[in-house]
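The structure appears below as structure tokens.
The values are calculated or read from the model by the stated rules, or taken from the named source; none is laboratory data. Since this is a predicted model, take the numbers as computed values, not measurements. All Cβ positions, even for glycine, are placed from backbone atoms using ideal geometry, and neighbour counts span all protein chains on display. Just so you know, the surface numbers come from the protein's heavy atoms only, side chains and all, with ligands and any DNA or RNA stripped out. Shrake-Rupley method; radii C 1.70, N 1.55, O 1.52, S 1.80 Å.
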Amino acid sequence: GAPFTLGFNTAFRGGSVMGYALCSLGVLILWILLTFYRTIYPEADDWEILFDCAAGYGLGGSTVAMFGRVGGGIYTKAADVGADLVGKVVAGLDEDDPNNPATIADNVGDNVGDIAGMGADLFGSFAESTCAALVIAAAAVEGSHNTLSEAGWDAMLFPLAISAAGIVICILCGFVATNVSPVKEEKDIETVLKVQMVLTAVLMLPVIYYLATVLLPHEFRLEGVRLTEDGRPAKISGSPYKCFICATMGCVGGLIIGLVTEYFTSHSYVPTRELASACKFGTAVNIIQGLALGYKSCIVPVFVLSSAIYVSFQLCDLYGIALAALGMLATLSCGLTIDGFGPISDNAGGIAEMAEFGPEVRRTTDALDAAGNTTAAIGKGFAIGSAALVSLALYGAFVVRLRVKTGVNILEPVTFAFLIIGCMVPYWFAALTMKSVGKAAGEMVAEVK
């Protein structure tokens, strides 16, 4: 059991470096920014401008995330595919064989795509959801008292408090995986990682409730985007309990998305095993089954997201949706730890193979890597789910600040036409990225040959 315990703990702690560094830096820099801006806009009436300025923080994160994610993603997949093609298919070598120079590119690729790209992506979501919540909370309601900015600075920073508390909870839960119930044998790996996810999400709920009751006023008014009967924007009244429910929808929703992702990608469950047995009948069946499985896996997450959006929008309008995104990202430190675990184990296997260690080392790293692939998918589930909520909240924050009284009418021909075009763009984008992976992998094979 010792090699599993030591190997798991090393990979887990390595992943946690990324998780805690990203979340704590994200919260710290935002807090410093807000404290600095507060010296320029000390009055509560000017906080609307203050948080508009701070919104640039989230957008800056997303700009970098786009390049980190796509650039890193294409690099890592092209290197992986290229190394496998030229090694296994052309030259008949083992995976990660030291005679194959492309193996180095593959190992570097894991860092570039799965660590740097994933980190940048989730940092973008993390910063944006916090900024969206702050901007919406600061939007002054015309002719109405009880706004959050009147309640004081602490009430405004409720979204930041959720993220900060999340870091502490994740640190405490981290000891469960490494010290309290460590990994003894191969089948423990997935269990321990799943316990981490569930435990952090469950412990987060009472903490969010406590923060809401302490920081938020008993009742407050928000500027909404929903329209009343006579076409004026509805005045939304929020309460700590409503805010708690919104954040809970996100936190539990994220957990469900994670568990569904695990079910569809883990080698312990039916879908992956069915796909593995389908591979006996050749490549075509494998590709068709794999695509079908992938499309099927997004049914539950879409329902989870839409129910989270519906409930939070009903309770607290856009502020609710921003809080749901924050709830989903509250346990981000833990999510990123689990996510960084995969590439670390993968690289360890590559290093062991190239250093020509004995087969038992490779067995240990392969077991960790198999669990790591599943957990990497869980991270992607969180990233995508939170990004959907964040983009909605940001769009809403934009509408709130514009004070658009009409609302966006979907039935305008132009709007509708471009919506359809917008739905098509991701497929176009996916086709381009897949093609560039294939092209780069092909060039790599030619180069190595």
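Summary table
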quantity	calculated
Top-ranked residue in segment 293-340 [being among the hydroxyl-bearing types (Ser, Thr, Tyr) and touching a residue at least 60 places away in the same chain (Cβ under 8 Å); ranked as nearest to residue 171 (Cα to Cα)]	333
Output for segment 182-216, where each listed residue is assigned to a loop (DSSP other than H, G, I, E, B) and surrounded by 16 or more Cβ atoms within 10 Å (Cβ to Cβ)	182, 183, 186, 216
Qualifying residues in segment 276-294 (those that are of a type outside the set (A, V, I, L, M, F, W, C) and under 21 Å from residue 261 (Cα atoms)) - the one surrounded by the most Cβ atoms within 10 Å (Cβ to Cβ)	289
Near pairs, Cβ below 8 angstrom, 6+ apart or cross-chain, from segment 68-81 (under 13 Å from residue 108 (Cβ atoms)) to any residue that is surrounded by fewer than 20 Cβ atoms within 10 Å (Cβ to Cβ) and of a type in the set (Ser, Thr, Tyr)	78/436
Residues located in segment 153-164, provided they are open to solvent by 20 Å² or more (accessible area, probe 1.4 Å), touching a residue at least 60 places away in the same chain (Cβ under 8 Å) and not acidic (Asp, Glu)	153, 157, 164
Test: residue in segment 401-411 that is open to solvent by less than 40 Å² (accessible area, probe 1.4 Å), at pLDDT below 75 and outside any helix (DSSP H, G or I)	yes
Residue list for segment 27-50, restricted to those being aliphatic (A, V, I, L, M) and open to solvent by less than 30 Å² (accessible area, probe 1.4 Å)	27, 30, 34, 50
Lone qualifier among 315, 275, 323 - being assigned to a helix (DSSP H, G or I), touching a helix residue (DSSP H, G or I) at 6+ places or on another chain (Cβ under 6 Å), of a type outside the set (Val, Ile, Thr) and more than 28 Å from residue 160 (Cα to Cα)	275
Conditions (1) in a strand (DSSP E or B); (2) among the charged types (D, E, K, R); (3) open to solvent by less than 60 Å² (accessible area, probe 1.4 Å): number failed by residue 235	(3)
Residue list for segment 86-103, filter: open to solvent by 70 Å² or more (accessible area, probe 1.4 Å) and either without any contact (Cβ under 8 Å) to a residue 40 or more places away in the chain or not acidic (Asp, Glu) (or both)	88, 89, 90, 99, 101
Scan of segment 353-390 for residues that are part of a helix (DSSP H, G or I), without any contact (Cβ under 8 Å) to a residue 60 or more places away in the chain and open to solvent by less than 40 Å² (accessible area, probe 1.4 Å), ordered by number	369
Residue within segment 240-260 that is of a type in the set (Lys, Arg) and assigned to a helix (DSSP H, G or I) present	yes
Count of segment 51-85 residues which are of a type in the set (S, T, N, Q) and open to solvent by 10 Å² or more (accessible area, probe 1.4 Å)	2
